[in-house]
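This report refers to the structure that appears directly beneath it.
What follows is calculated from the coordinates using simple rules that are stated; it is not laboratory data. None of these values were measured; they are calculated from a predicted model. No Cβ is skipped: glycine too gets one built from the backbone with ideal geometry, and neighbour counts run over all protein chains shown.
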């Protein structure tokens, strides 16, 4: 047993302020006493049971299955039942430098109805319904089951694992900027059908989601949804898979992201380091060495990039103007370039889509005491992160295609 | 006033399946749920769903396993219906888009489960209930023109008409607190079980026996209420579920001496004996001092290949890590038997019809009875879907040949006044709702659990009766209309107390041991006197006891060993 303080963002819609009129939101602290391995939800329920029955929070299963108790804890969107109160307490102290209460707020990007209860219908569910969230099959099912690749079912199980808790929606930075963004949960739901071999309208779905200005190209690749997701759905990965599938369908990406990505990989493969000058050219006029194809979109894109390039040079992020002349770029020393190419070769051979339901772990693993020092350091960091535990777990298991790189950001 | 041919209360698997079936029959359908449908507790069904559809398997074999699992208390006509219709239901779900696990040929693949003579459990990793329920909700969204959804509407009571028929329901819109009378030709209860009357339990906070209590109060008999399943593998303290699929994949149960103790209790089926058998074995080990100091035994999943654990038991890896601090791929996890499932419920026929005209029940709220004294793992999802569909179809057919008979307005007025009275109780005047609920849960888990005896059950019944009185004056803090969860908790407490009382009365009355009911003072099964259901009907001074025969078709009772 230990004592904790929960600082809860409260809103009682029927309360009146002292001057009359509706009272606004306010903070209230609750002191609770419970085992550190119990959850923040257990703490909230204890406060409700013992102190104030009007404290509103949706909850049901207590075990991260029903998706009811999405909240922000110390600013991080998550499930209250999945966050151990001891860890949340340590995270609060670490963030604030000293004994500070655990801060609990309603989810973001949604209107608040009361206390920690948000209006998911007008936001989350409306967006889910936007992606035609049901199977569009050929209308002619066989007598028995459809025969499909076993891996295809495991693959979409990652998105089926979504419990519609809204944590990713709450954390989504793109949606903060563009409330109409279809968003991580609904787009992950869309992948559930695009990736399902029994759904026959992949192309229609992809065109629809690509042409919507608030669709798949509205994601800024910020990883927040991957961090927030309590079930390892990795919504951003699913959005990227939709983009790749769209590229495969020959859909024109207005943001040029598909070609930009291709330009990056091509240049590194060729030169080992990034040749920024070539990057612009390859992104906007790929395959036309030394000259630009005068497509209006390409020229507009190039011109639009100039201010960014100038800022880059000023701040030292890019090299001098002279070196921006295409073609002048240093080579890697020795056989380094061949090694880079080797990495590409390896990646090409291991092109399977990573999926937490398939990958799991290798059969034989070193015992903890045999671990390399680097691995131990990673373990230590893992346990120190607390709030960001979920993405760490994915990173160590290879559950997410992208979480590995995110780890370097050290956002814990 | 909302008006429907068929009004479904509860939107888990049984409710959603019933609504879709009724809509397909072309009648107007409404479905209400006190939580958003995808929050329903069917989510928690991890392991899978049974059906005999492999070559070499037969519905008769599935039915016999179910009859034997029920300790011969299950009604065999209903069990036959469920097992015969199972394969078609699985194909239907597959066609709707459930991503069932496939074998190497791309066909549906199975896993082994307890009490079954063949591997016939179909599954989606260990999120089978969640996957099926989300796919059904996709269908509800698709058919939104045919099914009206009322999400976050709390049903406080059934509405009857002058003839005593069910004619609708009284609901509170959780979001704004408004009370509404819903009119319906038929009501289908699909509100789930009452596990929250026990603490700890694997059941979600919403599993408070709403439908069982409402039907009981409306005059319908409830049946087999003494049959409460304790699941063999739950986390100590928190009560969270570790799927039977873990044992299906090969995990062992070990006592503190490292012995695979099931050898002594079920030498043939070992860990995959029926749940009542395994739970009793564990509790015996614990009671006789061969458990761990925290009152548990161990489940060793490390014998399952790690890749297979990650693919097939992913959720359990997370539960172990997040709620027990254990990496189940590396070390055994401590578990114990815990409250899990309500075999009993509102008595229905094989169409889901109760004894009240216009009132149906399906899923855990109902007692058809396909589970009898003990439910087999992976038969609950099947029960919800088969009898949900049948209730939906039957209610739709009945709607086509009946007229609306408006419910009583006086009852609606009384119900509103009753709720206002709860809100109006003086603060500090009595007990808090949460105190009463805690005492109820601890009492039931203490005395109406794996092992029971006369003195313990009587003590529990006395406590329940006292708590019923205390609940009458328990006060709440929230005076508001919007999301007044405090008020809803007070109503749920009343529901739970009804269910607990019936369970105590049934358990006390059945002086034999059968299925989940093990009386240490009557340790033998007694077919001569007790091969029958106990039915309870609400009377002025508590439940009135009646009996009905077990329906037998082709399986005579035998000695039950695994």
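General remarks:
- Diffusion constant of region A:117-176 at 37 °C, which comes from Stokes-Einstein with the Kirkwood Cα-pair radius and 0.692 mPa s, µm²/s: 226
- Stokes-Einstein D for region A:202-286, Kirkwood Rh over Cα pairs, 20 °C, 1.002 mPa s (µm²/s): 152
- Across peptide B:482-488, the mean count of Cβ atoms from other chains lying within 10 Å of each residue's own Cβ comes to 6.
- Equivalent ellipsoid of region B:397-439: semi-axes from √(5λ) of the C-alpha gyration tensor, largest first, are 38, 16, 5 Å.
- Which of B:443, B:520 has the fewest Cβ neighbours within 10 Å, and the rest in rising order: B:520, B:443
- Exposure proxy shown here: for A:182, B:422, B:188, the number of other Cβ atoms within 10 Å sets the order, fewest to most, as B:422, A:182, B:188.
- For region A:118-235, the extents of the C-alpha atoms along the principal axes are 47, 29, 26 Å, listed from largest to smallest.
- Geometric extent, Cα atoms of region B:65-219 - Rg, Dmax (angstrom): 19.4, 60
- When each of B:68, B:307 is scored by the number of other beta-carbon atoms lying within 10 Å, the sequence from fewest to most is B:307, B:68.
- Cα gyration tensor category, rounded, prolate or oblate, for region A:182-240 with a/c compared to 1.5: oblate
- Rh by Kirkwood over Cα pairs, then Stokes-Einstein D for region B:446-562 at 1.567 mPa s and 4 °C, µm²/s: 78
- Note on region B:123-202: Cα Rg divided by 2.2 N^0.38 Å, N the number of residues, gives 1.40.
- Coordinate range along principal axes, alpha carbons of region B:427-475, Å, largest first: 39, 15, 9
- Shape call, region B:503-562: gyration tensor on alpha carbons, a/c limit 1.5: oblate
- Projected onto their three principal axes, the Cα atoms of region B:131-275 cover extents of 62, 37, 28 Å, largest first.
- Cα centroid separation, region B:439-465 to region A:183-248 (Å): 52
- Fraction of alpha-carbon pairs over 12 Å apart in region B:206-262 - percent: 79
- Per the Cα gyration tensor, region A:1-95 maps to an equivalent ellipsoid with semi-axes of 24, 15, 13 Å, ordered largest to smallest.
- Restricting the calculation to Cα atoms, every distinct pair contributes to the Kirkwood radius of region A:25-75, found to be 12.0 Å.
- Helical mean residue ellipticity (222 nm; -39500 (n - 2.57) per DSSP H run of 4+; nearest 500) of chain B: -11500 deg cm²/dmol
- Note on region B:1-145: the C-alpha convex hull projects to 10.0 nm² when averaged across all orientations.
- Annotation: average projected area of the protein assembly as shown is 42.8 square nanometres, based on the convex hull of Cα atoms across all directions.
- Folded to 0 to 90 degrees: helix B:275-287 orientation relative to chain B principal axis, Cα: 70
- Between the Cα long axis of helix B:454-473 and the first principal axis of chain B there is an angle of about 30°, rounded to the nearest 10.
- Angle between chain B longest axis and helix B:380-401 axis [Cα atoms, degrees, rounded to 10]: 30
- Point-to-point label distance, residue A:346-residue A:311, nm (Cα→Cβ direction, 7 Å offset): 3.6
- Across q = 0.13, 0.24, 0.26, 0.29 Å⁻¹, region B:32-100 modelled as identical point scatterers on its alpha-carbon atoms has Debye log10 I(q)/I(0) values of -0.51, -1.08, -1.12, -1.19, in the order of the q list.
- Distance histogram in 10 Å bins (all Cα pairs of region B:296-338, percent per bin): 31, 58, 11
- Cβ-Cβ distance of residue A:256 and residue A:138, R₀ of 22 Å, FRET efficiency by 1/(1 + (r/R0)^6): the value works out to about 0.05.
- Calculated FRET value between residue B:141 and residue B:1, using beta carbons and R₀ = 22 Å, to 0.05: 0.30
- Counting only the Cα atoms, region B:330-465 fills a convex hull of 209 Å³ per residue.
- Fraction of the pair-distance distribution of chain B above 33 Å, Cα-Cα pairs, percent: 38
- Cα-Cα separations in region B:458-523 greater than 16 Å, expressed as whole percent: 57
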